[in-house]
Amino acid sequence: MIFSLHTYAGLSDKQLYDYLLTSNVRPCSTTINTPRYVQSRHRALYAIVSTKEFCNMNDTSESKTLHRAIIVVAMGFLALALVYSARAALGLAMPIWESELGWSRGYVSNVAAVALLIMAIASPISGFILDRKGLRFTLLLGLIAVFTSCVVISMANSAWVLLIGFGVIGGVGFGIIATHVVASAVARAYPKNVGFASGIATSGSSAGQFLIVPLIAFIFASFSWRWGFVGIAAGIACLIPFVWWVPRDKPIKAPKKASSVNDTTDLKSSIKKLFSTPVFHLLFWSYLICGYTTTGVIETHLMPFASFCGFKPIPSAAAYGLLSAVNLLGMIGIGWLTDKMNRPLLLGCIYIIRGLTFWILLNVGTSYETLLLFAVIFGVVDYSTVPVTASLVASHIGLKVMGLTMGLLSAGHSIGAAIAASLGGYFFDKDATYDLIWMSSIALAIIAGVLAFLIKETPSAVPKVPTFSTSS
């Protein structure tokens, strides 16, 4: 690795020294490539960073960084596991509510759409909160909201209570405890391998559905749907005390002169600069389609579709659990590939393969084996866009505003999902078929793949470390 000071020539000696202490760069074991005009100025610093003592300090810093990253990854994994299971429970309960309470699939789909629109609003706000308050505060806020949502749903006897419980309160919680928050926190905690680390952390969104959703289906079938939501609330209540294990973030201060999105601390200015960045638009619109083809279509309608095909709740949940299990491995594998290959090419291929899998759903009929085939293939590419997108945001836009950027992308994701959730219910109530929503997903996923191919891979996949200032 070549450590060049061209980028940091404008920093003061103290700023450069602090950067070397807090980064993963180890000048004592690498070649320092120095421009002539700064050699004399930083000669004393070179002497310091080349000493054995500095290397030992850096070893300690790396050990602390790894320990911090493990905690962040573990807590993010567990939080996503529970919250995404709560989201998936809506699709599992939809046929039960239709027969027991008379709530149509169209109405419940619209409740899901409301939740997704609330998530679209909450996502950038939660990203901004993460950038300012850290992961501990953000997780605590979101878990309390989802806990409250599950309790309210468990007591629902009328349609408007479901709307308030899942659509509004749940929407806020789901917008806070989401992959963009966890991926952003992991990227800052462990910037060395953003793809792999964020892939492990965000795979909790699939792991929980693999392990917890079948359990929820069993409770629904053996006891009551109300006890299912009570069980989710209990799980979240048990997790909340462990949030205090998450280490406090050390906010990175911006320099006095802001010259990029990564240097901007004002929310309005950050959003303005982001929307003037071409790569942000390519990521935003492809991620909006990602929401349409995953959360909106599959998370909301796959289990109701399985019920429509004649499969009972437990086999339907088992198929969904298989999808989630494969996706868990897929996210970790794709995360590993993210650090190894051309990321826009990888992202584009994920979208196109995802689109083609919807042809399988068009031909499920009454064949449970065909449904399982879809679950396996789609599972590989379901949430696998998250680690790739997170890595591209870190390298192309920067860590300083990564929470806000991923939040805005997630807002687009939620908007796309809301459209798909509502359209799926509308098409089914109108034509008693899901064919139109599957066909639209094929076309849109291919468009998302093309948008991803238009992103240029940077020479280095190492995330940009934001410029910061220290108090004198």
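The values are calculated or read from the model by the stated rules, or taken from the named source; none is laboratory data. Bear in mind the structure is a predicted one, so any value in this text is a computation, not a measurement. Here the Cβ is made from the backbone with ideal geometry for all residues, glycine too, and neighbour counts use every protein chain on show.
Only one of THR65, THR138 is of a type in the set (S, T, N, Q), within 24 Å of VAL246 (Cα to Cα) and touching a Leu at 6+ places or on another chain (Cβ under 8 Å); which? Full working, then the answer.
Numbers: THR65 fails: touching a Leu at 6+ places or on another chain (Cβ under 8 Å).
None of the others qualify; the one that does is THR138.
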Item to check | Single unsatisfied condition, ALA207 versus (1) surrounded by 21 or more Cβ atoms within 10 Å (Cβ to Cβ); (2) at pLDDT below 85; (3) of a type outside the set (Lys, Arg); (4) closer than 23 Å to ARG248 by Cα | outcome: (4)
Checklist entry - in contact (Cβ under 8 Å) with a residue 12 or more places away in the chain and assigned to a helix (DSSP H, G or I): does that describe VAL161? => result no
Checklist entry - Quick check, is ILE177 in contact (Cβ under 8 Å) with a residue 24 or more places away in the chain, out of contact with any Gly (no Cβ under 8 Å at 6 or more places or on another chain) and of a type outside the set (Gly, Ala, Ser)? => result no
Next on the checklist: What's the total number of residues in region 358-371 that are part of a helix (DSSP H, G or I) and in contact with a helix residue (DSSP H, G or I) (Cβ under 6 Å, 6 or more places away or on another chain)?
Outcome noted: 4
Checklist entry - Hey, any hits in region 286-296 for a residue that's in contact with a helix residue (DSSP H, G or I) (Cβ under 8 Å, 6 or more places away or on another chain) and within 22 Å of GLY228 (Cβ to Cβ)? => result yes
Checklist outcome for this item: The one condition PRO247 fails out of (1) surrounded by fewer than 18 Cβ atoms within 10 Å (Cβ to Cβ); (2) part of a helix (DSSP H, G or I) is (2)
Checklist entry - Mind checking whether some residue in region 413-421 is touching an Asp or Glu at 6+ places or on another chain (Cβ under 7 Å), surrounded by 22 or more Cβ atoms within 10 Å (Cβ to Cβ) and among the hydrophobic types (A, V, I, L, M, F, W, C)? => result no
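Could you grab me the full set of residues in region 102-116 that are of a type outside the set (Ser, Thr, Tyr) and in contact (Cβ under 8 Å) with a residue 40 or more places away in the chain? First the steps, then the outcome.
First, pick out the residues of region 102-116 that are of a type outside the set (Ser, Thr, Tyr): 102-103, 105-106, 108, 110-116.
Selection gives TRP103, ARG105, GLY106, VAL108, ASN110, VAL111, ALA112, ALA113, VAL114, ALA115, LEU116.
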Next on the checklist: Cβ-Cβ under 8 Å, sequence separation 6+ or interchain: first residue in region 341-353 and farther than 20 Å from VAL376 by Cβ, partner exposed (fewer than 15 other Cβ atoms within 10 Å of the Cβ) and among the aliphatic types (A, V, I, L, M). Which pairs?
Outcome noted: PRO344/LEU454; GLY348/VAL450
Checklist entry - Would you call THR389 free of Cβ contacts under 8 Å to residues at least 24 places away in the same chain and either crowded, with 24+ Cβ neighbours inside 10 Å or not in a helix (DSSP H, G or I) (or both)? => result no
Item to check | Residue that is surrounded by the fewest Cβ atoms within 10 Å (Cβ to Cβ), among those in region 62-93 that are at pLDDT below 85 and either touching a helix residue (DSSP H, G or I) at 6+ places or on another chain (Cβ under 6 Å) or not assigned by TED's automatic domain parsing to the domain that holds GLY171 (or both) | outcome: ARG68
Next on the checklist: Residue under question is TRP103, and the condition is that it be at pLDDT 90 or above, surrounded by fewer than 20 Cβ atoms within 10 Å (Cβ to Cβ) and aromatic (Phe, Trp, Tyr); does it hold?
Outcome noted: no
